[in-house]
Amino acid sequence: MTALPRTLQDDLARVRPPYAQSATLPPACYHDETVLAAEQALLFRRGWVGIGRADRWSKPGDFSALDIGGVPVAVLRDKEGTLRAYANTCRHRGAKLLEGCGNTQRITCPFHAWTYGLDGALRGAPRMAHAPDFNKGDHGMIPFRAEERSGFAFVCLDQETGDIDGWLGDFDAIHSPWPLDQLVTTRRRELEVGCNWKLFLEVFNEYYHLPYVHGGTFGEIYGEPDPVDETTGAFTSQFGLTKGTGGLKESEQEFALAPMPGLNGRNCDGTRYTWAYPAMTFAAGTDAMWVYEARPLAVDRCHVSMSVCFPQATIDTDGFAARADHYYQRMDEALEEDRGMLERQQAGMTSPFARQGRFGELEPSVANFAFWYAEQMTAA
Ligand code: FES
Ligand SMILES: [Fe+2]
């Protein structure tokens, strides 16, 4: 069931393959509150949502309080080392249990001190002995599904959704040349951007804007990309050759770090850009991987997390930190260049005179996401 107005559903019906003939997503998808509510329900509370690199929770007790689809979610690593996700809501009278991130061996509600283990079981509930039928076993934290694949963490709030492997399809096969599960996050940064969450992810997945927005920094490094891959999972992916590493600016290629272990052939000379729907995207380069999550804060504002990852062997080399700084700077500069354009795009898109456009030939991944989105948003 979707609450989308009929006219919007008609507009979404014009978003379908082939991309050379498709309309872009309707402007309302970028500024309408009804659409955001439907996205939260149909994409974020139904799908397997990528929440970044799993090494964010490396030790037992590492936790984060996240918002997924408007739902407070607690993600943590339990004593056995398994990644877990729970409704971040106390089973007594509903207070939010965890805030921010950190490490803890138990979860104590700040309101009346009900205490849960990392397995979600209610361990302590002061002054509840007066209720003879009160059973702690009935009041554990509500579990969600959490999985790790290729070093990424995914959660799913809907028990009816199929399993993660069906969701990801041939994700593993397409990324098998890169040792994704062995990459280590060396830098994570969180920020807000003043645009709809989809705009942030779209710009990361198209080559069209590179010479115009990044011409002075790294736009010239990227050549003509390969055709977009045909995939069976909820993601789009496109590989392209680069002159040097895409992880550094053109003027700083001398700081390039070693290729990832096992990478060979053309994969040593390019970057694979992937968007794991709905809201996580990454670029697997020769030497580094950079990952973004973008989740909605409002129709015109999103929370963005950026992670930069390298193989352990690279991290262990002399002078790594100084060289890695050049990668971080390139990511920050790219983000600022994109941010300016995205905020401008949001302003234009919010006009009552904004209309559905058409996809350029360098935007097949943006189109693939739009097809998936239109399908999810209009499915009965
Ligand atoms: S609301 Fe959590 S202990 Fe009362
Ligand atoms: Fe960009």
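Structure notes:
- Residue satisfying all of: in the range 274-297; polar (S, T, N, Q) and assigned to a strand (DSSP E or B); farthest from Cys29 (Cα to Cα) among these: Thr274
- Any hit, the range 259-276, residues being closer than 16 Å to Lys198 by Cβ, free of Cβ contacts under 8 Å to residues at least 24 places away in the same chain and more than 16 Å from ligand 1 (Cβ to nearest atom): no
- The range 112-130, residues that are within 14 Å of ligand 1 (Cβ to nearest atom) and more than 32 Å from the chain's Cα centre (by Cα): His112, Ala113, Trp114, Arg123, Gly124, Ala125, Pro126, Arg127, Met128
- Residue pairs meeting the criteria (Cβ under 7 Å; at least 6 apart or on separate chains; first without any contact (Cβ under 8 Å) to a residue 24 or more places away in the chain and outside any loop (DSSP other than H, G, I, E, B), in the range 103-120; second within 14 Å of ligand 1 (Cβ to nearest atom) and of a type in the set (Phe, Trp, Tyr)): Arg106/Tyr116
- Residues in the range 342-359 that are within 22 Å of Ser237 (Cα to Cα) and buried (at least 16 other Cβ atoms within 10 Å of the Cβ): Leu342, Phe359.
- Only one of the listed residues (Gly233, Gly216, Gly140) is in a loop (DSSP other than H, G, I, E, B), small (Gly, Ala, Ser) and in the same structural domain as Leu97 (by TED's automatic domain parsing). That residue is Gly140.
- Boolean, Gly166 is away from ligand 1 (no atom under 16 Å from the Cβ) and either part of a loop (DSSP other than H, G, I, E, B) or at pLDDT below 95 (or both): no
- Top-ranked residue in the range 68-94 [being of a type outside the set (D, E, K, R), surrounded by 14 or more Cβ atoms within 10 Å (Cβ to Cβ) and within 16 Å of ligand 1 (Cβ to nearest atom); ranked as farthest from Ala41 (Cα to Cα)]: His92
- Test: Trp48 is surrounded by 21 or more Cβ atoms within 10 Å (Cβ to Cβ) and within 16 Å of ligand 1 (Cβ to nearest atom): no
- The residues of the range 53-65 that are surrounded by fewer than 24 Cβ atoms within 10 Å (Cβ to Cβ) and touching a residue at least 60 places away in the same chain (Cβ under 8 Å), listed by number, are Ala54, Asp55, Arg56.
- Inclusion of Gly240 among residues that are over 11 Å from Trp178 (Cβ atoms), within 24 Å of the chain's Cα centre (by Cα) and assigned to a loop (DSSP other than H, G, I, E, B) is not warranted.
- When residues of the range 171-228 are limited to those that are acidic (Asp, Glu) and closer than 27 Å to Lys243 by Cβ, the one modelled with the lowest pLDDT: Glu220
- From the options Arg127, Arg123, Arg187, residue that is part of a strand (DSSP E or B) and over 30 Å from Asp332 (Cα atoms): Arg123
- Flag for Cys156 being surrounded by 20 or more Cβ atoms within 10 Å (Cβ to Cβ), over 30 Å from Asn267 (Cβ atoms) and within 13 Å of ligand 1 (Cβ to nearest atom): no
The values are calculated or read from the model by the stated rules, or taken from the named source; none is laboratory data. Just so we're clear, the structure is a prediction, and the values are computed from it rather than from any experiment. Please note: Cβ atoms are built from the backbone with ideal geometry, for glycine as well, and neighbour counts cover all protein chains shown.
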